[in-house]
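K.L.:
Following this message is one structure expressed as structure tokens.
Laboratory data are not the source of any read-out in this text; all were calculated from the coordinates shown. Just so it is clear, the model here is predicted, and its values are computed rather than measured. Cβ placement follows ideal geometry from the backbone for every residue including glycine, while neighbour counts extend to all protein chains displayed.
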Amino acid sequence: MNSIPPVLPVCFLKLILIISIAFVTNVSATDTPLTSTDAKKIWEKSCFTCHGDSGDMARNFLKVVDGELQGPLHKDTFRMFLTNHYLSKPKAEAIYAMLLTQANAKSRFEKECSSCHQKATDLVRDKLVLHNGVLYNKNSKQVTYNFLQTHRNLKQEDVKFFMRKLTFLGYEIYQPIKLQ
Ligand code: HEC
Ligand code: HEC
């Protein structure tokens, strides 16, 4: 029987940002200079280990407000955060531009689920409920993780992907953490 791994302590925001560590094995600690500011290469080399795919991160965790990127923790200080977070200024600019493009792109949820479910937040608010860190379908009381295994022929990787997104929203909706 599949169940959700028992994660999800208090600081869920931080956790979800680094949750992909669990899925990555290849850690590269060396920092040899790059020849160009190819944002994708920089990401693969210096960020992927902790954050996984940049597109997933941008679409799921970052918001575009008045054309500017905001993170879940760093809103108005997002650009400054990037330059202090494993990056020099020119590299931070390149990464910023890439994340902005990706955050603006259609999310996987929009592409694969919206024809029937419209917005992910509405799906979570109306149909799901978070109990002890586990998402359940409200009506059937079934664990959503198990439900998704049999929904829409999703592959195991896809089930994990959508569960991350839905659980993250579940926390935002049912157990919001107040950040000052
Ligand atoms: C060693 C792990 C690690 C690496 C490597 C790493 N990060 Fe992070 N990152 C974190 C953690 C932990 C957080 C949670 C926020 C914090 O406490 O700083 C975070 C948060 C973020 C956020 C969200 C900021 C917000 O507003 O909440 C972004 C964007 C980000 N990192 C981008 C990057 C980029 C770009 C790189 C590569 C240059 C990178 N990270 C490399 C661990 C890492
Ligand atoms: C073709 C329409 C369709 C698409 C596309 C679709 N769903 Fe569904 N979904 C349904 C229907 C109908 C239900 C009602 C429950 C059932 O299937 O028995 C449902 C139920 C659900 C539920 C449980 C909510 C409840 O009512 O208990 C979740 C979670 C869910 N879908 C997630 C997704 C995700 C994630 C995607 C995208 C990968 C997706 N769905 C794509 C039709 C769809």
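K.L.:
Summing +1 for each Lys or Arg and -1 for each Asp or Glu, what net charge is found among the other residues whose Cβ lies under 15 Å from the Cβ of Arg125?
P.N.:
After counting each charged neighbour, the total is +1.
K.L.:
So which aspartates and glutamates pass the test for Lys119, namely a Cα distance under 15 Å, with those fewer than 8 places away in the same chain ruled out?
P.N.:
Cα-Cα hits under 15 Å: Glu110, Glu172.
K.L.:
Under 5 Å between amide hydrogens, which residues at least 5 positions from Lys138 or on another chain qualify, with H placed 1.01 Å from N in the peptide plane?
P.N.:
HN-HN under 5 Å from Lys138: Leu128, Val129.
K.L.:
Moving on. Within a 10 angstrom radius of the beta carbon, how do Val143, Val64 rank from fewest other beta carbons to most?
P.N.:
Val64, Val143
K.L.:
In sequence order, what are the phi-derived ³J(HN,Hα) couplings for the stretch 106-111 according to the Karplus relation 6.51 cos²θ - 1.76 cosθ + 1.60 with θ = phi - 60°, rounded to whole Hz, with x for glycine and proline?
P.N.:
In residue order, the calculated couplings are 4, 7, 4, 4, 4, 6 Hz.
K.L.:
For the stretch 88-180, what Kirkwood radius comes out of the mean inverse Cα-Cα distance, in Å?
P.N.:
Taking the inverse mean of 1/r over all distinct Cα pairs, the stretch 88-180 comes out at 14.9 Å.
K.L.:
Can you list the HN-Hα couplings for the stretch 45-51, worked out from phi with the Karplus curve (6.51, -1.76, 1.60; θ = phi - 60°), rounded to whole Hz and with x for Gly and Pro?
P.N.:
Per residue, the Karplus-derived 3J(HN,Hα) values read 7, 10, 10, 4, 3, 8, 10 Hz.
K.L.:
Ok, one more. Tally Lys and Arg at +1 and Asp and Glu at -1 over the other residues with C-beta under 15 Å from the C-beta of Glu93: what net charge comes out?
P.N.:
Net of charged neighbours comes to +3.
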